[in-house]
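This is the structure I have questions about; it appears just below.
The values are calculated or read from the model by the stated rules, or taken from the named source; none is laboratory data. In this text the structure is predicted, and so the values were computed from the model without any measurement. Here the Cβ positions follow ideal geometry from the backbone for every residue, glycine too, while neighbour counts run over all protein chains shown. Side chains are part of the model used for accessible areas, which takes the heavy atoms of the whole protein and leaves out ligands, DNA and RNA. Shrake-Rupley method; radii C 1.70, N 1.55, O 1.52, S 1.80 Å.
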Amino acid sequence: MARLRYKLFYVPYWRYFIADILMLAMSVFVVLKWFPLSAQFPFQKYNVFVAIFSVCWVLMSYLTHRYVRVKQMKMGRSLIRLLYASVATFLVMLLYMYLVSGRQMLSISVLLTIWVIMLVLSTFYLIFAHAYRYATYNEPEIERAIDRGVQHVLKEPKPVSAERREEAKQVVREYAGEGAYNYLSEHIDLVSSNTFTLKSAELYNIQKLKYYRFDTIVNFMPLNQIRGINRMFGVVNDKLPDDGIFVCCFEPKSTTKKRILNSYPIGINWIVYSAHYLYKRVLPKTIVTSRLYFDITEGKNRVLSKAEVLGRLCYCGFEIVDEHKVDDLVYVIARRSFSPQSTGRRLYGMMIRLNRVGKDGKVFKVYKFRTMHPYSEFLQAYIYQKYNLQEGGKFTHDIRVNTVGRFMRKYWIDELPMLLNLLKGDMKLVGVRPLSKQYFSLYTPELQEKRSHHKPGLLPPFYADMPKTLEEIEESEMRYLTACEEKGTFRTDFVYFWKIVYTILFKRARSH
């Protein structure tokens, strides 16, 4: 991250400035309008006071560089700037009240109340601004590094004696157990001289390996105990030759939940699990507490979903060959596919921007609330290959969607931010559903061409006739688009709007 240059004079970012003005107006109005004050005309009595407070707040914010727009500003730095500006404003206003105490009887409670409200509103605005920035900063594509050329394993595997083979088998059984050994033996040669096995959370044990010395690397240490998962995946990717195999394992969140619920009496178990959920799944994901969480836990005993682990592997240059649960652990076999340009930690917030195909085939950003596990955006091709589409064109078993996300999707809560796309003119109220490139490619060329002449919409024709299969969805959209061309877009959208409203209200149609 580039170092910030502190200049005395700079152009303030207008959104931050306007936000402060609006919050100042709101704070003053609330205090002087509804708080119990002794003054008969509080707005007249405190007009000079309010003006000085507002000027002081804006000036201190400017001097502490709160109005500087930084694309990758850390939350801690922003909070410190807010604290400096607010404390300085409070002290200056105390001095002002002391100087005019002989002429005006100003209440310190008014100052304190306005100051506290401003501080709270500014903090919430700051958190929202950073959450939005972090949520939308990373693009949902995998960046690939420059091709390193074709790389093969350095040495052909050597013959392994029966005694050495038995010793190697025993080591693997001690690492993982008989069930895991039997499963992995069906896919890879665990005792080959070109297979490196270990059970360690230390990255050094992999870093010290020669490049392309082994064509298979197996780490039996559960990923739940490893802090820098992406970094480890990146190092393994570098060490493996083309099409090299990597095997890892982890305890899925479903197993963790089941273990906790079975360990305590009914009633208490859900209280314990709720506290565990907040500590292990909420704190690591928020921009305010994630650093503190990892500093305390050192990344141990993490809760991981299958979608997150598989998505991390795809993000770090692997393709999933197979995955299977043995006892309490899920084992994943992955093949090195390409060299990723970056394997750093991606930032996730409550909102996301997704690439969607719009009018004239142009790709635009759709705003939505996040409903999927981290790194799920890299799994669409894998999910499509592994699971079939269900009624309505969705996946039969989409492991990417989390529990809260299913509820949000059912009642369209996740699509509320798409109103921003409506205001920006990317979408209209009624229209075909905005599709990803992957999903768009499944449509017939004729429908793709017809779609390109129209904007996508918030309310798709899907909810007018509720098609079940992909073919029926295509027919539904074709009927709608043809009607737009023959009868006019406005008339068609008006008719479809009321059909959609009727289906939702009276036929209880819900999103999938």
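Please go through (1) more than 28 Å from the chain's Cα centre (by Cα); (2) buried (at least 16 other Cβ atoms within 10 Å of the Cβ); (3) more than 20 Å from residue 22 (Cα to Cα) for residue 118 and return the number of the only condition it doesn't satisfy.
(3)
Scan the range 358-379 and report the pairs whose first residue is within 23 Å of residue 428 (Cβ to Cβ) and free of Cβ contacts under 8 Å to residues at least 60 places away in the same chain and whose second residue is of a type in the set (Gly, Ala, Ser) and open to solvent by less than 40 Å² (accessible area, probe 1.4 Å), with Cβ atoms within less than 9 Å and a gap of 6+ or a chain change.
362/452; 369/405
Which pairs have Cβ atoms under 6 Å, sit 6 or more apart or on different chains, and link a residue in the range 49-69 that is under 14 Å from residue 80 (Cα atoms) and hydroxyl-bearing (Ser, Thr, Tyr) to one that is open to solvent by less than 30 Å² (accessible area, probe 1.4 Å) and assigned to a helix (DSSP H, G or I)?
Close Cβ pairs satisfying both conditions: 61/85; 64/81; 64/85.
For the range 236-332, list the helices (runs of 4 or more DSSP H) that sit wholly inside it and hold at least 1 residues that are modelled with pLDDT of 90 or more, surrounded by fewer than 17 Cβ atoms within 10 Å (Cβ to Cβ) and more than 17 Å from the chain's Cα centre (by Cα); which are they?
So the answer is 253-263, 268-277.
Now for a separate question. Output the number of residues of the range 176-212 satisfying the condition of being of a type in the set (S, T, N, Q), part of a helix (DSSP H, G or I) and open to solvent by less than 20 Å² (accessible area, probe 1.4 Å).
The number of residues fulfilling the criteria is 0.
Quick check: anything in the range 202-209 of a type in the set (S, T, N, Q) and in contact (Cβ under 8 Å) with a residue 24 or more places away in the chain?
Yes, that holds for at least one residue.
Can you list the helices (runs of 4 or more DSSP H) found entirely within the range 447-512 that contain at least 2 residues being exposed (fewer than 15 other Cβ atoms within 10 Å of the Cβ) and over 30 Å from the mean Cα position of the chain (by Cα)?
Result: 470-487, 489-506.
Across the range 432-441, what is the number of residues that are open to solvent by less than 50 Å² (accessible area, probe 1.4 Å) and either at positive phi or out of contact with any His (no Cβ under 7 Å at 6 or more places or on another chain) (or both)?
5
What are the pairs with Cβ atoms under 6 angstrom where one residue, in the range 390-404, is on the phi > 0 side of the Ramachandran plot and outside any strand (DSSP E or B) and the other, located anywhere, is at pLDDT 70 or above and not aromatic (Phe, Trp, Tyr)? Sequence gap at least six, or different chains.
393/470; 393/473
Tell me yes or no: at least one residue of the range 148-156 is part of a loop (DSSP other than H, G, I, E, B), modelled with pLDDT under 75 and open to solvent by 40 Å² or more (accessible area, probe 1.4 Å).
Yes, the conditions are met somewhere in the range 148-156.
Please tell me if residue 106 is buried (at least 17 other Cβ atoms within 10 Å of the Cβ), in a helix (DSSP H, G or I), at pLDDT 75 or above and over 37 Å from the mean Cα position of the chain (by Cα).
no
Does residue 442 satisfy being part of a loop (DSSP other than H, G, I, E, B), under 29 Å from the mean Cα position of the chain (by Cα) and within 24 Å of residue 372 (Cα to Cα)?
yes
Taking residue 263 as meeting all but one of (1) touching a residue at least 12 places away in the same chain (Cβ under 8 Å); (2) more than 23 Å from residue 168 (Cβ to Cβ), write down the number of the exception.
(1)
Please find, within the range 168-196, the residue that is farthest from the chain's Cα centre (by Cα) out of those that are among the charged types (D, E, K, R) and over 17 Å from residue 214 (Cα atoms).
169
Within the range 157-170, track down each residue that is in contact with a strand residue (DSSP E or B) (Cβ under 9 Å, 6 or more places away or on another chain) and open to solvent by 60 Å² or more (accessible area, probe 1.4 Å).
157
Filter the range 12-38 down to the residues that are within 16 Å of residue 129 (Cα to Cα) and charged (D, E, K, R), then identify the one that is surrounded by the fewest Cβ atoms within 10 Å (Cβ to Cβ).
Restricting to residues being within 16 Å of residue 129 (Cα to Cα) and charged (D, E, K, R), the top hit is 15.
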